[in-house]
Amino acid sequence: MNLNKFLSYLFFPGITIHELAHATACIFLGVKIKKTKLFSFTDGYVVFDDSKSYKNILISIFPFFFNIAFAILSAFLIKTGVSLLLTILLIWLSLAALFFCVPSKQDAKNVFDAIKKTYTESQPIYMWLLKIILLPLTLLLLILSAFFWLFDNSFVFRILLIAL
């Protein structure tokens, strides 16, 4: 068993937190969830209805921010002086959340597809003007997605996130 797989088993709650982030984003954005697999030692998923492109993008990248926020909130709870057992549990869950905060290759593909869809549809001129104005944000999202795609299985990158 390689180190990345071992850590996936060790930090399996991070998969659940990651998938809960997708599900939470779906609920907040009003996108219907078709199927989920939240509890797994190796993989999980949330299958949702195809929606507006910006919603698909937000759902796909939400675990990155959600998992980091989870770890920060856990750190604040630990600082309040909770019991030793709860401290150990929160540290483990925080490390797990950070280990799985990177959106998967499928998440990155969803972002690419959503952006591609918005630029291939027939739309009124004002929408094209808006897309030109939002082009820097679109490029940032594409770069971020490419970054996530490249580092999806990178053990070193995940450890760096935990260290930060």
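Only four residue types carry charge here, +1 at the Cβ of Lys and Arg and -1 at the Cβ of Asp and Glu. Report the dipole size of segment 1-121 about the Cα centre in Debye, rounded to the nearest 20.
Magnitude of the dipole: close to 100 debye.
Which Cα, out of Ile59, Leu95, Thr80, lies furthest along the positive dipole direction of segment 12-111 (beta carbon charges, K/R +1, D/E -1)?
Working it through, the farthest residue towards the positive pole turns out to be Ile59.
Probe of 1.4 angstrom, ligands and nucleic acids ignored: what's the accessible area per residue over segment 64-109, in square angstrom?
For segment 64-109, the per-residue accessible area is 56 Å².
Which whole number in µm²/s is D for segment 1-55 by Stokes-Einstein, with the Kirkwood Rh taken over Cα pairs at 20 °C and 1.002 mPa s?
Stokes-Einstein gives a translational diffusion coefficient of 177 µm²/s.
So what are the three principal axis dimensions of segment 22-95 from its Cα atoms, in whole Å, longest to shortest?
44, 25, 15
At R0 = 35 Å, how high is the FRET efficiency between Leu140 and Asp43 if r is their beta carbon distance? Nearest 0.05 is fine.
0.80
Please calculate how many Å² of accessible area segment 3-61 carries per residue, with a 1.4 Å probe and no DNA, RNA or ligand atoms counted.
Counting only protein heavy atoms, the per-residue value for segment 3-61 is 53 Å².
Restricting things to Cα coordinates, could you compute the convex hull volume per residue of segment 27-145 in Å³?
136 Å³
Highest mean first, how do 18-26, 62-70, 47-55 rank when packing is the count of other Cβ atoms within 10 Å averaged over residues?
Result, highest mean first: 18-26, 62-70, 47-55.
Between beta-carbons, use under 14 Å as the cut-off and find the net charge around Thr36, counting Lys and Arg +1, Asp and Glu -1.
Value of the local net charge: +1.
Report in % the part of the accessible area of segment 40-91 that belongs to carbon and sulfur, leaving out ligands and nucleic acids; probe 1.4 Å.
With neighbouring chains kept in place, the figure for segment 40-91 is 76 percent.
The values are calculated or read from the model by the stated rules, or taken from the named source; none is laboratory data. These figures come from a predicted structure and were not determined experimentally. For neighbour counting, all protein chains shown are included, and Cβ atoms are generated from backbone atoms with ideal geometry for every residue, glycine included. Calculation scope for accessible area: heavy atoms of the full protein, side chains included, ligands and nucleic acids excluded. Shrake-Rupley method; radii C 1.70, N 1.55, O 1.52, S 1.80 Å.
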